[in-house]
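Visitor: Quick one: the structure is below, and I'll ask about it shortly.
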Amino acid sequence: MSDPSDPAEPYALVVDDDGLIRMDAMYILEDAGFRTFEASDGDKAMKLLDREHAVIVLLFTDVQMPGSRDGFAVARETAARWPHIAIVVASGHLRPGPGDMPEGACFIGKPFTADMVHDHLQEILPDGRKPAPLRRRERGAEDTLAPGTQAH
């Protein structure tokens, strides 16, 4: 078994009450090099974060879920308690309003693609927190730039 503190294989927590969407998001993140935890609602997510926050570097959460916390509340509480965790909030129905999301979090609309998710991860994760496949993908994009151009 891998060492849970190994930054080469960081953990992401995927929170969504729709099992198929949760599985799809987990597959996308695993393809990017993350190991994953999953939760079907905000309350379960917070319990898991209480136990595993030291190894989790990314929270990927839906907004509308059963339980006492929606995804915005999970994102805000996570940012306040564990500022090392990067946050992606996803929804196909709601868009964030003022104060819904913590500073530094990003929003992605559903349906999302692997490329959309990977692009957002490139933006919000510091280099030292990116898993190896995501770092390779970034280097590959830089290698394909025309001479004299820069990556954005």
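FYI, it's all coordinate maths here, none of it is from the lab. Computed from a predicted structure; not experimentally measured.
Visitor: Would you mind checking which residues have amide H under 5 Å from PHE112's amide H? H placed 1.01 Å from N; only 5 or more apart, or other chain.
Guide: Excluding prolines and chain starts, which carry no amide H, there are no hits.
Visitor: Next question, about the same structure. Rounded if a/c is under 1.5, else prolate if a/b is larger than b/c, else oblate: which is the range 53-93, with a ≥ b ≥ c the root eigenvalues of its Cα gyration tensor?
Guide: It is prolate, given that a/c is not under 1.5 and a/b is the larger ratio.
Visitor: Can you list the residues, at least 5 places off or on another chain, whose amide H is less than 5 Å from the amide H of LEU59, using H built in the peptide plane?
Guide: Those qualifying (amide H under 5 Å, at least 5 residues apart or on another chain) are LEU13, ALA86, ILE87, VAL88.
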